[in-house]
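Trainee: Handing you this structure, nothing more for now.
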Amino acid sequence: MPKPDLHELPASTASTTRVQPPRAAAHQNAVHQNAARLNVRSGRRGPDSLKGTILKIVLLGLVDAFAVYVLMMLFLSQSWAALVVSSLVVLAINWIYLRKGGLPAKYLAPGVLFLLVFQVLVVFFSGYIAFTNYGDGHNSTKEDAIAAIQLTAQKRVPDSPAYKAAVLTKGGTFYLLFTDPSGKAQIGSTEEPLSEVSGAGKDSTGKANSLPGYETLKFQEIVANQQEILKITVPVSEDPADGTLRTADGSTAYQFKPALSYDAATDTFTDSETGKAYRDSGKGAFADANGETLATGWKIDVGMDNFARAFTDPSLRGPLLGVILWTFTFSVASVALTFAVGLFLAITFNREDLRGKKVYRILMILPYAFPAFLSGLVWSGILNPEFGWLNQTLLGGANIGWLTDPVLAKVSVLVVNVWLGFPYMFLVCTGALQSLPTEIDEAARMDGASPWRVFRSIKLPLLLVSVAPLLISSFAFNFNNFNVIYMLTGGGPRFADTDRDIGATDILITLVYKVAFGQGTGRDYGLASALAIIIFVIVATISAISFKQTKALEDVN
């Protein structure tokens, strides 16, 4: 290392920070000027060059144009909190890239922004949803729920007068042109309430059948668009309680009114036929005296109810405990088996006297080259009990339920996951073995140690120093290994003691998916978010403990 030239050191520290020697300053300026000339001559691009400045302005202009569009949409939707946050982000981005200096912030800003949007915001939003009843029938405000109940719970008004109807279209939207019994013409659509019009053309019976600016559909066009026309419900007025007009044939319409009338003073729905009253139950729904609720409710905060439901709901408690046990078994067994197979093959194909070991190594990583979901589908066909290749070809047409028996299905899932996961462990262990010093192995053999003793007492401890963090990450991956489970068995075979779609091979992440997006029991985003938080806590706790324990392995070095 070159020694510093003490003759060039300043007399005091203060002088070095405040006054720069004229000769040194001149030399530094000359160096900068020469560097700038070289950059110009060589045509190099840099952030402060003309091309770099133009490119920066163009990219920043595109970002700002998109940001203005987003801010306008947020303003029109009256999302004030999102509007303020987005505005501050846009100002911060412009400040970072328009000011001089701050190079680290310019490199880090895009990554930090995406991290905040796609990770932090998602985590906080999932946490918020976990404390609500957000899901099917509970996805809006109470006012929207009241309007929806009035619109959906409608019945035809007895002795309703018949309205002559004609189907018109304008701008791709269907309208119904009505002629009431007094001969007055009115028009409306699902989105636009009934309104009186003038200048409507009429046929010989007095039925209004055309209107300037609209196109009247012919009979063939009505038949071709029958499903869309049947869905048209024209509100009589802005008040949903006044009912709607509907047509079943495109020529005659009748009035429908809600079967449930809402009294705002008492905040109660009353069934017009049975007289049963539905009141606000305090749980985001209207319920009668027996606890029967209307299908449409609204979103409210429920506190810890979703976490309590996970362990107290009879249809979920038993299957959930079984799913948790199987998730741990699946994760631990997958890591242990893939590591054992991968390490065995790595040791086998790491022998120096083995011929063609490069070919063998390439063959070993082939399962790793196929997409996991595609391999899961292929294995589901191979293991199919009725026409799978394993039963029909190797087992002589036997009918073994590899995917339908609860125990065999778990074994099949583990085997397929080992097939998909051992190449990763093979690559990791091969690299770790090749990094071990050969002198230790030779010294142990000279001391009379057997190959097994060398492996158990020297190689394996040294391997675990570098492989242990990867084993922990592999455990976290398998804890949420959605592809193999869902593509191979779909979580089945299904448990018989629950009405939920939960099966013997479901792990927690597939259970969360079924709760959030499954069929039959409806979508329950609040409960699914609570389960996702439970998964996060379990994985984070195990990972933290495991990483702390792996520090002891570093003492081996």
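Trainee: Of the conditions (1) within 39 Å of the chain's Cα centre (by Cα); (2) at pLDDT below 90; (3) among the small types (Gly, Ala, Ser), Ser160 fails just one. Which one is it?
Mentor: The failed condition is (1).
Trainee: Does region 218-248 hold any residues that are in a loop (DSSP other than H, G, I, E, B) and under 43 Å from the mean Cα position of the chain (by Cα), and which are they?
Mentor: Asn225, Lys231, Ile232, Thr233, Val236, Ser237, Glu238, Asp239, Gly243, Ala248, listed by residue number.
Trainee: Still on this structure, I have one more. Taking the options Val89, Val123, Val112, name whichever one is at pLDDT below 90, under 25 Å from the mean Cα position of the chain (by Cα) and not basic (Lys, Arg).
Mentor: Val123
Trainee: Could you tell me which residue of region 249-299 is most open to solvent (accessible area, probe 1.4 Å), considering only residues that are of a type outside the set (Val, Ile, Thr), farther than 27 Å from Asn133 by Cα and assigned to a loop (DSSP other than H, G, I, E, B)?
Mentor: For region 249-299, the residue satisfying everything is Glu273.
Trainee: So, one more: Among the residues of region 488-499, are any in contact with a helix residue (DSSP H, G or I) (Cβ under 8 Å, 6 or more places away or on another chain), touching a residue at least 24 places away in the same chain (Cβ under 8 Å), over 30 Å from Thr550 (Cα atoms) and surrounded by fewer than 17 Cβ atoms within 10 Å (Cβ to Cβ)?
Mentor: yes
Trainee: Hey, can you tell me all the residues within region 135-161 that are surrounded by 13 or more Cβ atoms within 10 Å (Cβ to Cβ) and assigned to a loop (DSSP other than H, G, I, E, B)?
Mentor: Answer for region 135-161, where residues must be surrounded by 13 or more Cβ atoms within 10 Å (Cβ to Cβ) and assigned to a loop (DSSP other than H, G, I, E, B): Asp136, Gly137, Asn139, Ser140, Ala153, Ser160.
Trainee: Do we have Ser198 as more than 16 Å from Gly250 (Cβ to Cβ), of a type outside the set (D, E, K, R) and either surrounded by fewer than 18 Cβ atoms within 10 Å (Cβ to Cβ) or touching a Ser or Thr at 6+ places or on another chain (Cβ under 6 Å) (or both) here?
Mentor: Answer is yes for this residue.
Trainee: Tell me which of these Val467 doesn't satisfy, since it passes every other one: (1) over 28 Å from the mean Cα position of the chain (by Cα); (2) open to solvent by 20 Å² or more (accessible area, probe 1.4 Å); (3) not small (Gly, Ala, Ser).
Mentor: (2)
Trainee: Also, I was wondering about something else. Just to be sure, is Gly388 of a type outside the set (Val, Ile, Thr), loosely packed, with under 13 Cβ neighbours inside 10 Å and out of contact with any Lys or Arg (no Cβ under 9 Å at 6 or more places or on another chain)?
Mentor: Values: of a type outside the set (Val, Ile, Thr): yes; loosely packed, with under 13 Cβ neighbours inside 10 Å: no; out of contact with any Lys or Arg (no Cβ under 9 Å at 6 or more places or on another chain): yes.
Answer is no for this residue.
Trainee: State which residue pairs qualify: first residue within 11 Å of Ala346 (Cβ to Cβ) and inside region 420-448, second residue of a type in the set (Ser, Thr, Tyr) in any location, beta carbons under 8 Å apart, and separation of 6 or more residues or different chains.
Mentor: Phe422/Thr338; Pro423/Tyr368; Met425/Thr338; Met425/Ser474; Leu427/Tyr368; Ala432/Ser466
Trainee: Of Lys231, Lys207, which residue is charged (D, E, K, R), open to solvent by less than 70 Å² (accessible area, probe 1.4 Å) and out of contact with any helix residue (DSSP H, G or I) (no Cβ under 6 Å at 6 or more places or on another chain)?
Mentor: Lys207
The values are calculated or read from the model by the stated rules, or taken from the named source; none is laboratory data. What you see is a predicted model; the values in this text were computed from it and never measured. Ideal geometry is used to build each Cβ from the backbone, glycine not excepted, and the neighbour counts take in all protein chains shown. The area values use the complete protein model at the heavy-atom level, side chains included, leaving out ligands, DNA and RNA. Shrake-Rupley method; radii C 1.70, N 1.55, O 1.52, S 1.80 Å.
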